[in-house]
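The values are calculated or read from the model by the stated rules, or taken from the named source; none is laboratory data. What you see is a predicted model; the values in this text were computed from it and never measured. Please note: Cβ atoms are built from the backbone with ideal geometry, for glycine as well, and neighbour counts cover all protein chains shown.
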Amino acid sequence: MPYISAMPVARLTSRSLVRIGGPDWRSFLQGLLSNDVETLASGAVRFAALLTPQGKLLYDLFVVGQPDGALLDVAGERRDALIQRLTMYRLRAKVEIAADDGAVFASWEQSMPGAALDPRLPVLGWRLYGGEVAATATETDYQAFRLAQGVPDPAVDAIPDKTFPIEANFDLLNGIDFAKGCFVGQETTSRMKRRGVIKNRMLSITFDGPAPAFGAEVLTEGLLRAGEVLSGGEGRAMALVRLDRIDGPLSVEGRLVRIERPDWLPRADIA
């Protein structure tokens, strides 16, 4: 019998799984991903990214500890490309890489048995992998909830090979371990954090009516470009904005928009 929750539970059909195993799986992922996996326990989840050597985002993912390896929770439409990329990096490492057919679920307001807390923010709820769960909400419901917390979805908001992980707030959402040592793209990522000069970040914007088109310009009162709209829905969207141009009135396609500063994002990081 499937588990039935009284609280919102959604199957995230846009996400898919990759299974990683073999004797060298930890050292293999440790040298690639932006977060630490050496200390990852079975059942625990870490948020991470695989970057280009130049430090740009390629894939956002969750690393899920398993007794004999790990699962990677990734955007479904990019799973095959990720497997191909990991296979390219494998070389002589004793690592097994394969697609996994398990489902990805998210719940909020209340946990499910066997679920793990979302490592980005506690308010985002829990994630569960595999098993039989009766959905009580849709993925659209979950994405609206996630967007209301001011958290971007790199799978749809970040342009591969164009966006830096810090612009997508990976440094504030537990997606980068700056003390772990080398990983692909580490030099650029560490330099951006060390210098402390972050010019752009993804922030929520609110407005009346439907979401503007993806890529629509966010403009200042003086019609200077302050950013661009990313994914969104009725009344709210994510935008990549210039932090030095968001304090005054802003508009998109002639409509007034307002920047939302989430509680989890320190004022110093967006002032």
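Would you be able to say whether some residue in segment 225-236 is over 20 Å from ALA148 (Cα atoms), over 21 Å from the mean Cα position of the chain (by Cα) and without any contact (Cβ under 8 Å) to a residue 40 or more places away in the chain? Yes - at least one qualifying residue is present in segment 225-236. Within segment 183-200, identify whether any single residue is at pLDDT 95 or above and basic (Lys, Arg), and answer yes or no. Looking through segment 183-200, none of the residues is at pLDDT 95 or above and basic (Lys, Arg).
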